[in-house]
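Novice: If you scroll down you'll find the structure; I have some questions about it.
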Amino acid sequence: MNAPVGVVAGCVERVTLQEAGWLARCLGRGDLAPFTDADLGALGALAQTERVAAGTRLTTEGEVVSSIAVIRSGSVELYRRRAHHRVVLQVLREGDVFGDIPFLCGLPPPFSARALTEVHLIRLGAARLQRLLAERPAVCHRFLFSLASRLQRAYSRLLQLTRGDLRQQVCSLLLEEVGGGGERVCLSQGTIAELLGASRPAVNKVLGELERGGVLSLGYRRIEVLEPTSLATRAGR
């Protein structure tokens with residue numbers, strides 16, 4: 001039997017105990033809601049791992065979600081369709097979660113998601129997860145903490161990205177992507193423009209100025225941050 005388009009064949013499996021522990025850590029601080037062995041076992045019992053190929057659509061805007069996904073490795077793009085092109089809203093990476101807010105609100109997602117690279121996911125079936133949250137308060141508490149933490153990060157990011165001129169916004173976005181260290185940002189210049197709601201030529205101009213200043217190096221779908229301290233100064237931090 002052929003595998004679904006875009007999905008790597010034969011790669012949907014039950015999670016190991018080690019993966020269940022990793023999943024529990026992703027959901028929030030253990031000191032606030034310690035898991036018993038039974039909690040961890042129940043969480044692991046409803047989770048499955050899945051590997052999907054780059055380009056695979058994972059959720060579709062307006063369609064009810066059937067599962068929540070946690071990214072074990074790889075990158076996922078959240079986007080919306082506007083006329084005949086795609087507008088990128090966010091790029092998610094290891095440890096990030098998607099599908100939980102539409103699930104908890106009982107609403108279809110206002111975005112689509114697709115794999116930018118080959119992605120290893122841990123999926124939690126929505127119906128079974130709903131029962132688990134009702135039966136196990138510690139698991140429910142962890143999910144709420146995870147949601148609140150991500151909302152706080154989103155608010156902080158919005159404040160940073162709406163402060164100052166376009167150069168400051170570009171610098172802030174790059175710092176967010178690398179976590180303040182001298183690392184590689186695997187985003188195209190077009191994606192950066194979409195994330196900031198700016199024109200691509202304007203973003204290209206800012207990036208070119210930063211490259212000439214020795215702050216970063218530009219390549220195909222990647223930006224190497226060479227001077228994170230200088231980048232932070234330009235971001236107004």
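The values are calculated or read from the model by the stated rules, or taken from the named source; none is laboratory data. Note that the structure is a prediction, hence the values are computed from the model and not measured. All Cβ positions, even for glycine, are placed from backbone atoms using ideal geometry, and neighbour counts span all protein chains on display.
Novice: Are any residues in segment 146-165 surrounded by fewer than 16 Cβ atoms within 10 Å (Cβ to Cβ), assigned to a helix (DSSP H, G or I) and over 16 Å from the mean Cα position of the chain (by Cα), and if so, which ones?
Specialist: Within segment 146-165, L159 is the sole residue that qualifies.
Novice: So L175 clears everything in (1) assigned to a helix (DSSP H, G or I); (2) touching a residue at least 12 places away in the same chain (Cβ under 8 Å); (3) not assigned by TED's automatic domain parsing to the domain that holds S230 except one condition, right? Which one?
Specialist: Tallying (1) assigned to a helix (DSSP H, G or I); (2) touching a residue at least 12 places away in the same chain (Cβ under 8 Å); (3) not assigned by TED's automatic domain parsing to the domain that holds S230, L175 fails exactly one: (3).
Novice: Okay, moving on. Return yes or no: is L166 aliphatic (A, V, I, L, M) and either modelled with pLDDT of 85 or more or in the same structural domain as L116 (by TED's automatic domain parsing) (or both)? Walk me through it before giving the result.
Specialist: Numbers: aliphatic (A, V, I, L, M): yes; either modelled with pLDDT of 85 or more or in the same structural domain as L116 (by TED's automatic domain parsing) (or both): yes.
Yes: the conditions hold for L166.
Novice: Quick check: is even one residue across segment 189-206 part of a loop (DSSP other than H, G, I, E, B), more than 16 Å from V88 (Cβ to Cβ) and either β-branched (V, I, T) or in the same structural domain as V76 (by TED's automatic domain parsing) (or both)?
Specialist: No - not one qualifying residue is present in segment 189-206.
Novice: (1) farther than 23 Å from A42 by Cβ; (2) surrounded by fewer than 16 Cβ atoms within 10 Å (Cβ to Cβ); (3) in contact (Cβ under 8 Å) with a residue 60 or more places away in the chain: which one isn't true of R128, the others all being true?
Specialist: The number of the failed condition is (1).
Novice: On the basis of being in contact with a Phe, Trp or Tyr (Cβ under 9 Å, 6 or more places away or on another chain) and of a type in the set (A, V, I, L, M), does L104 make the cut?
Specialist: Yes, satisfied.
Novice: Among the residues of segment 41-69, write down those that are closer than 18 Å to P110 by Cα and among the hydrophobic types (A, V, I, L, M, F, W, C).
Specialist: Correct list: L58, V64, V65, I68, A69.
Novice: Could you grab the pairs with beta carbons closer than 6 Å, sequence gap of 6+ or different chains, first residue in segment 82-100 and assigned by TED's automatic domain parsing to the domain that holds T117 and under 17 Å from L174 (Cα atoms), second one at pLDDT below 90 and part of a helix (DSSP H, G or I)?
Specialist: Between residues of segment 82-100 that are assigned by TED's automatic domain parsing to the domain that holds T117 and under 17 Å from L174 (Cα atoms) and residues that are at pLDDT below 90 and part of a helix (DSSP H, G or I), the close pairs are V88/T191; V88/E194; V88/L195.
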